[in-house]
Each structure stands twice: as C-alpha cells, then as structure tokens.
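Worksheet: the structure to be examined is printed underneath.
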Amino acid sequence: MTACHSSHREEELHQGAGTGEISELEKRSADVEQLSRSEDHLELLQSFSSLNAKRCLKRVQQYEVDVTLDPKTASPYLILSDDGKQVKHGDEKKTIEDSPERFELCCVLAKQSFSTGRFYYEVQVEGKTNWDVGVARESINRKGTIKLCPQDDEYKACVNAPVSLSLSSQPEKVGVFVDYEEGLVSFYDVDAAALIYSFTNCSFTEKLYPYFDPFLNNGGKNSAPLIISPVNQTE
C-alpha cells in the first residue's frame, strides 16, 4: 500500500500507531473530523484533533527503524546514493543484471523486511511533484507496471479503491508507521504533526518492505530525490 502524490499512478500502504492507546487516539481523531462537518465548534474540534495527532506521532516515532535502499531491487532507471538513503530517477536505463528481485519500472524496496511488531520511518519528499511511499508485500509484482493511483493531480491513499485526500498543505516529510499484528498502516505529515491517513483491519501473512518510487523527472520538475531521514522526536 502506498501514499502518493502523483499526476499518474496499487500495491500496499497502511497507517499505524501503537496498539490500544494509539489506535484509540486515531479513532477519536477520525470521530472528531466527522463531528466537525456537522457542528459549529469547528475551531475547538480542530484543536482537539491536532493534539491527538501530535500525541500519536510522538508515540509512533519511538518505533523508528534504520531503513536503507536495496540496490538488488532497484529499477535500472533509478539512481541510489552510496549510503542507500536517497533515490531519484535517472532518465536513462542502466545496463545492469536483471533478476526476479529487481523492479522493471521506477521502484525500489528497502533491504529491511518486517513480519512482526511495529516499525516507523520518515521520508523527505520536499521539492517533488510526484512520488509514492509506503510498504509492499514480498510478493509484489516486480515486472511491468504497478498500478498505484489513477491519473489525477492530487494526494491519494492507494488500496483496491484509491481514496482522495484533502490536505491543507503539501507535506515535505512523510512518516510511515506499521503495526503488523494490528493490521494498521498510518501516514503522517511530520512537520505539521498531522495524521494524513490510516489503513486499518489489514491482514498481513508475509514480509513487508518499505517501498519507494520517485517517479519520472518530468523535465527536471520532479528531479529531487526521495530521502530516508533520521527521526527527530516531535516535541
């Protein structure tokens, strides 16, 4: 599943915080959002929701994992930094050995996989117009086109039926949290300390990998890399 901002493009993405308390906080945030549509106390409700989201983000950041990109899975079109923390599209296809692990188009997975527990990581998307970030099952299709999002210039949470997201500002850093046993995957706007979207009641039976797609350069307009960033705990 992935959270994406694209003028093009499914596989996997989820939202999550810890178990009980974090899940309850996120549920209350969703309830508050629903109430705000029908009641007059919008400012108070928005403030309450914001505090809940900030508490959730601070808690899930405690589950930070060290993520690095796996060159064995990287598309021949991608350029990875030596430290495995950045990826961008290189326009030209490199001549490298193909394998069942390697993506044909624009994608790369992390070296690290997770089949239990909780994990969290952050990705800088500043300066990009199109991108996909999330988690993918080990069995993800690595050859040919991966259907992620339909052709719209907007943010979407992508599962079987993509969900359009209405964001007040463009995220510059996205946090991804997964609780494997709870079947929860959450995306956060880190700088705004705001929950973007949560996928709940997911069923995981195989390894999950952090997933990255920097998309085409688009004539230089989308040439900025996706950057796996160290987590600075939210105050």
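Every number here is computed from the coordinates shown, using simple stated rules; none is lab data. Note that the coordinates shown come from a computational prediction; the quantities given were computed from them, not determined experimentally. Glycine gets a Cβ as well: all are built from the backbone with ideal geometry, and neighbour counts include every protein chain shown.
Estimated from the Cβ-Cβ distance and a Förster radius of 41 angstrom, the FRET efficiency linking residue 205 and residue 98 is about 0.90. Each peptide among 102-115, 218-231 gets the average number of other Cβ atoms lying within 10 Å of its residues, and from highest to lowest they stand as 102-115, 218-231. When the listed pairs 72/207; 88/111; 58/88 are checked against a 27 Å cut-off, the alpha-carbon distance exceeds it for 58/88.
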